[in-house]
Amino acid sequence: MSTDLQTLIGKGQFSCRCGKCHSAGFSRVMIGSGVTAGVPDVLESYGTGKVFILADRNTYRAAGERVTAELDKAGIAHTVFLLPGEGRAEPDERAVGSAVMHFDPSCDTVLGIGSGVINDIGKIISSLTGRQYVIYGTAPSMDGYASGTSSVIRDGLKLSLTTRVADTVIGDTDVLAAAPMRMILSGLGDMIAKYISIAEWKISNIINGEYYCDTVASLVTDGLNECMENLDGIPSRDKSSIAAVMNGMVLSGIAANYAGVTRPVSGMEHYLSHICDMRAAEFGTHSDLHGIQCGAATIECLKIYEKLRSVTPDREKALEYAAAFSYDSWKEKLRRWLGNGAEAMIANEAHEHKYDKTKHRERLDRIIGSWDSIQSVIRQLPLPSEIVPGLQKIGLPTSFAEIGFTEEETKNAVLFSRDVRDKYVGSRLMWDLGITDEIVG
């Protein structure tokens, strides 16, 4: 698998029929058994004199000790900073600020040892300091290893900051396969989310003329299909199955780099997860791993799209629904549910004007005129009944209820997802059609 990825990366920049020049944005990927021994060679190839190692207590125990042992054997100096605490860190101002303030300026390379939060913060440090960045993944748990953004919580809002792409991505399947099963399942959940993200990218292209690329979409779909074909090996921690998930994670990052946006890899399902994370940050409510939430949210979204298969647009009904909508009332609902995090979403609307009646009417005309094409995309999605049994068999949660969210929390995650960022997602399509209440309840 790593050979295929390296071949893809080795293409360098190339012109695509979509009109863009695509580039993976990084130079090397190493996925396989025993690749930990190659970490010193990677660092030496960048002329590294001293390494700033970023990890947390769990990831340092899982792999940091063996990585530093390899560095010691190679005579490579290093400074180690572990994020404080034993529990799951959040990528907020506190965690990022702590890591930045502990950065050793005598280091010329940043080496992240971990997964989501470690990688997000590592990319921020590298971007701020101009140092080389290498990520050593300890779990195939999320799709940000090869992306050029960092998912963070800023001012209570979950958002993606443009940072940088890692120079090298390393995944030792001996380590990855030993990761907590919940984290492996999290990676799989982040991959099945691509059913929704690719479909919504196509739908937005149809309705809004948003940029879309078949080459990019095919990369993501290939990675998704490979994961689904290897489901049965996940419970036994089969290394080829684990490598398939990690392969999909890296492919997704490459796809986002090719497109220059996160659109190919996240859609409404990610926004449902973000709403849950924002409430957790604001009120201390329950949340789960990113990919676990995204996987469960994907099934919730597929249920919505299954209902949309039988919808016939009604122009008058949609216009009446929009005319009756009060954004002032909606803002207060956002504030009550999300607290301070709502303010950034409200500020986004001040620039976007998605609730503007004229803009809505124009979108509605395009939706009605293109409904057959939209339906064609929707009908390419799997029905929940087609994939849920296989996912349940390996232990992946397939509903928000299963991971501890109430019916109200699930409903509001769907409703408020249309305000998270500026992507056109399924919850916006429902609002445009005036059918949110009957679909969501």
Test: residue in segment 237-257 that is touching a residue at least 24 places away in the same chain (Cβ under 8 Å) and closer than 24 Å to R361 by Cα:
no
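Residue-wise test of (1) over 30 Å from I374 (Cβ atoms); (2) out of contact with any Leu (no Cβ under 9 Å at 6 or more places or on another chain); (3) at pLDDT 95 or above.
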| residue | (1), (2), (3) |
| --- | --- |
| A146 | yes, no, no |
| V175 | yes, yes, yes |
| Y211 | no, yes, yes |
| D214 | no, yes, yes |
Specify which of the listed residues (V67, V29, V39) is touching a helix residue (DSSP H, G or I) at 6+ places or on another chain (Cβ under 8 Å) and in a strand (DSSP E or B).
V29
Test: residue in segment 352-364 that is farther than 22 Å from S204 by Cα and not in a loop (DSSP other than H, G, I, E, B):
no
Members of segment 194-217 that are in a helix (DSSP H, G or I), out of contact with any Ser or Thr (no Cβ under 8 Å at 6 or more places or on another chain) and not charged (D, E, K, R):
A199, W201, I203, S204, N205, N208, T215, V216, A217
Exactly one of S106, S127 is in contact with a strand residue (DSSP E or B) (Cβ under 7 Å, 6 or more places away or on another chain) and of a type in the set (G, A, S), and that one is S106
Identify all residues within segment 288-339 that are touching a helix residue (DSSP H, G or I) at 6+ places or on another chain (Cβ under 6 Å) and among the polar types (S, T, N, Q); write none if there are none.
Q293, T298
Provide a single number: the residues in segment 233-267 that are charged (D, E, K, R) and closer than 22 Å to T298 by Cα.
1
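Each row is one residue, and each column tells you yes or no for (1) in the same structural domain as E65 (by TED's automatic domain parsing); (2) closer than 23 Å to H22 by Cα.
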| position | (1), (2) |
| --- | --- |
| T149 | yes, yes |
| T162 | yes, yes |
| M191 | no, yes |
| W201 | no, yes |
| G209 | no, yes |
| A217 | no, yes |
| G223 | no, yes |
| C227 | no, no |
So, V388, is that one assigned to a helix (DSSP H, G or I), more than 30 Å from R182 (Cβ to Cβ) and hydrophobic (A, V, I, L, M, F, W, C) or not?
no
Scan Y211, Y195 and give me the residue that is aromatic (F, W, Y) and more than 17 Å from L396 (Cα to Cα).
Y211
For segment 294-331, give me each residue that is over 30 Å from M142 (Cβ atoms) and aromatic (F, W, Y).
Y321, F325, Y327, W330
Can you tell me which residues in segment 126-157 are in a loop (DSSP other than H, G, I, E, B) and over 30 Å from L338 (Cβ atoms)?
G130, R131, T138, P140, A146
Give the residues of segment 296-350 that are acidic (D, E), touching a residue at least 40 places away in the same chain (Cβ under 8 Å) and more than 19 Å from G441 (Cα to Cα), sorted by residue number.
E343, E349
Suppose the filter is farther than 20 Å from R131 by Cβ, surrounded by fewer than 13 Cβ atoms within 10 Å (Cβ to Cβ) and β-branched (V, I, T); does T36 pass it?
no
Within segment 76-106, can you find the residues that are of a type in the set (A, V, I, L, M, F, W, C) and part of a helix (DSSP H, G or I)?
A95, V96, A99, V100, M101
Checked L111, L176 against criteria (at negative phi, in contact (Cβ under 8 Å) with a residue 24 or more places away in the chain and touching a Pro at 6+ places or on another chain (Cβ under 6 Å)); the one match is L176
Which one of these is within 24 Å of G248 (Cα to Cα) and assigned to a strand (DSSP E or B): I53, I113, I9?
I113
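The values are calculated or read from the model by the stated rules, or taken from the named source; none is laboratory data. It should be emphasised that the depicted structure is a prediction, and the values quoted were computed from it without experimental measurement. A quick note on method: Cβ atoms are made from the backbone with ideal geometry, for glycine too, and the neighbour counts reach across all protein chains shown.
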